[in-house]
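Reviewing the structure listed below.
Each reported figure results from applying straightforward, stated rules to the coordinates on display, with no laboratory input. Keep in mind that this is a model prediction, so the values were computed, not measured. Every residue, glycine among them, receives a Cβ derived from its backbone with ideal geometry; neighbour counts consider all protein chains shown.
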Amino acid sequence: MQEFAEKLYKSKAWQRCRKAYAAKVGGLCERCLARGVYTPGEIVHHRIHLNHSNVSDPEVALNFNNLELLCRDCHGKEHGRIEKRFEVDELGRVKAI
């Protein structure tokens, strides 16, 4: 978590906003759903990324028009990282990484 956004993400306003937005869009990853794939959304992502200048602006930080519900994979791709939490061995068993 970015230090400048820590206060926002711990706030009751963000917790309420995050929960309400996820419910509004049905709890599924919006990018996967656009491809016809049903994946639970886990992260409410800011389309306009937060920075020092806009983190305190509710029109950016808490505006539904700036939010998108994503699964971990889509969120990782958005930020240029692959978040892999498990792998499957040759016998099909899931192993934590």
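General observations
- Complete set of residues in the stretch 19-65 that are more than 17 Å from Lys77 (Cβ to Cβ), outside any helix (DSSP H, G or I) and hydroxyl-bearing (Ser, Thr, Tyr): Tyr38, Ser53, Ser56
- Identity of the residue in the stretch 34-56, of a type in the set (S, T, N, Q) and more than 18 Å from Gln15 (Cβ to Cβ), that ends up surrounded by the fewest Cβ atoms within 10 Å (Cβ to Cβ): Ser53
- Which listed residue, of Glu59, Glu78, Glu68, is buried (at least 17 other Cβ atoms within 10 Å of the Cβ) and of a type in the set (Asp, Glu): Glu68
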